[in-house]
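Okay, so here's the structure we're looking at.
The values are calculated or read from the model by the stated rules, or taken from the named source; none is laboratory data. Since we're looking at a predicted model, the values are computed, not measured. Cβ sites come from the backbone with ideal geometry, for glycine too, and all protein chains shown count toward neighbours.
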Amino acid sequence: MEDSRFTEIKRIKKKDAPHSLHWFMKEEVFSEELFGFFSAEVNSYKSIALQAYTLFEKATSLYLEKGNLFGIPTEMFDLITYTWNHKEQHPFLIGRFDINGGLDNLIAKVIEFNADTCSTFPETALWQDLQLQQLKGKTHFNELKQGLVEKLSVLKSKIPHEKPIFLATSLGYIEDQLNCNIILDAALEAGFTPRYADLPDVIFGDDGIFLQFGDEYEPVDVFFKMFPWDWIYNEEPDLLNDLSYLIKNNKVMVVNPPYTSLWQNKQFLTFITDYFPNEVIAKTYNNHPNTESWVEKPILGRIGENITIKNKQNTYQSKGDYENQSTIYQEYLPLAKDVENYYYQIGIFFSDRPLAINLRCQEQPIITEDAEFMSHYIL
């Protein structure tokens, strides 16, 4: 990519940034450059996300008709089916499509859908706005906060009492807590009473989910979790039992809902390839393709771990915690690269519509948690 598309700005000082960005600044995850997208490129990414989401919806209905093809634990599969069949009461809140290509005339396709749990909320919602202020007269595509407030307002309208309780919870990692804070800010603006608690401090009972304040117990209306459903059904069966009972008995609304675990499972992409041929989602296979270039990924892997990329010139591999998982194979879709050999991946946040674009870059073609976050503007 040509250098003219990058604009360097002054370093933002900690005192000029909101507290929720201080940890990220300390970790040095932010680039001091902004990347310029053409409007046509942004519109193309938005179109890809819209088409991909429609395919995910269609494929979900067909998959559930055909039965539990992936061997998901029975209780979880039943919960996926129940919430999909009652998705008006269990709506999807927010996810992020990761897209390779689309720059430098490279083919752009979705390589995965972080639909159950996704991150980079503070970077996208706050940091991009902060940096853009230095580029007078420039705009960007960043409706993340507005879109969250709109969707949470719809959720609130389904609850019959005023000031319902919206609880965000995580396993206590600082980055997860900071991501939860963005959701909680939007929940407050949408009319909820926001709460945060680490998972061990949340009480699960037959009548609902509760927080304890002294001798009082506060019932939770909406439960936002910053940990994945596959962790729940593989590692925490008692928690799965609790949530399954509460969801089916209309005691609580859980976001994101159980059916998003199917969307996050990369094996689901093989189902889409088989039954819904298309040009917006990377072709994905259960077996090794007869091609000289391919990508191998664990089906429930995250943050770029345990991935192998084989192309005509090289083989790249990343380490991680998912080496014992089953894997899928994807067609190789190269990332755009700048003159300093940084590789760039696009993220599109999606709710009922595309909400925002973000950009992560790294000095290798496998984008991991060590990637830099780069803001953008419209040329």
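Of the residues examined, Ile367 is one that is part of a loop (DSSP other than H, G, I, E, B) and buried (at least 21 other Cβ atoms within 10 Å of the Cβ). Of the residues Gly320, Gly301, the single one that is crowded, with 19+ Cβ neighbours inside 10 Å and either over 19 Å from Thr74 (Cβ atoms) or within 19 Å of the chain's Cα centre (by Cα) (or both) is Gly301.
Yes or no, residue by residue, for (1) more than 12 Å from the chain's Cα centre (by Cα); (2) polar (S, T, N, Q); (3) closer than 18 Å to Leu355 by Cβ:
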{"residue": "Arg96", "(1), (2), (3)": "no, no, yes"}
{"residue": "Gly102", "(1), (2), (3)": "yes, no, yes"}
{"residue": "Asn105", "(1), (2), (3)": "yes, yes, no"}
{"residue": "Ile111", "(1), (2), (3)": "yes, no, no"}
{"residue": "Ala115", "(1), (2), (3)": "no, no, yes"}
{"residue": "Cys118", "(1), (2), (3)": "no, no, yes"}
{"residue": "Phe121", "(1), (2), (3)": "no, no, yes"}
{"residue": "Leu126", "(1), (2), (3)": "yes, no, yes"}
{"residue": "Gln133", "(1), (2), (3)": "yes, yes, no"}
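Within region 329-337, is even one residue in contact with a His (Cβ under 7 Å, 6 or more places away or on another chain) and crowded, with 19+ Cβ neighbours inside 10 Å?
From region 329-337, those in contact with a His (Cβ under 7 Å, 6 or more places away or on another chain) are 329; that's our starting set.
With crowded, with 19+ Cβ neighbours inside 10 Å added as a condition, the list becomes 329.
Scanning region 329-337 turns up at least one residue that is in contact with a His (Cβ under 7 Å, 6 or more places away or on another chain) and crowded, with 19+ Cβ neighbours inside 10 Å.
Provide a single number: the residues in region 136-172 that are over 25 Å from Gly208 (Cα atoms) and either at pLDDT 95 or above or among the β-branched types (Val, Ile, Thr) (or both).
Residues of region 136-172 that are over 25 Å from Gly208 (Cα atoms), as a first pass: 136-147, 150.
Of the ones still in play, those that are also either at pLDDT 95 or above or among the β-branched types (Val, Ile, Thr) (or both) are 138-147, 150.
Total meeting the criteria: 11.
Taking (1) under 21 Å from the mean Cα position of the chain (by Cα); (2) closer than 21 Å to Ile94 by Cβ; (3) not hydroxyl-bearing (Ser, Thr, Tyr) in turn, Cys361 satisfies each apart from (2). With the condition kept exactly as written, say whether any residue in region 242-249 is surrounded by 18 or more Cβ atoms within 10 Å (Cβ to Cβ), within 14 Å of Leu55 (Cα to Cα), modelled with pLDDT of 95 or more and not charged (D, E, K, R). No: region 242-249 contains no residue that is surrounded by 18 or more Cβ atoms within 10 Å (Cβ to Cβ), within 14 Å of Leu55 (Cα to Cα), modelled with pLDDT of 95 or more and not charged (D, E, K, R). Of all residues in region 147-191, those satisfying the criterion of being in contact with a strand residue (DSSP E or B) (Cβ under 8 Å, 6 or more places away or on another chain) and exposed (fewer than 15 other Cβ atoms within 10 Å of the Cβ) are Lys158, Lys163, Leu171, Gly172, Leu188. Here Ile328 meets the list (1) under 23 Å from Val42 (Cα atoms); (2) in a strand (DSSP E or B); (3) not basic (Lys, Arg) almost entirely, failing just condition (1).
Comparison of Asn287, Asn234, Asn278 shows that the only residue that is over 23 Å from the mean Cα position of the chain (by Cα), surrounded by fewer than 18 Cβ atoms within 10 Å (Cβ to Cβ) and of a type in the set (S, T, N, Q) is Asn287.
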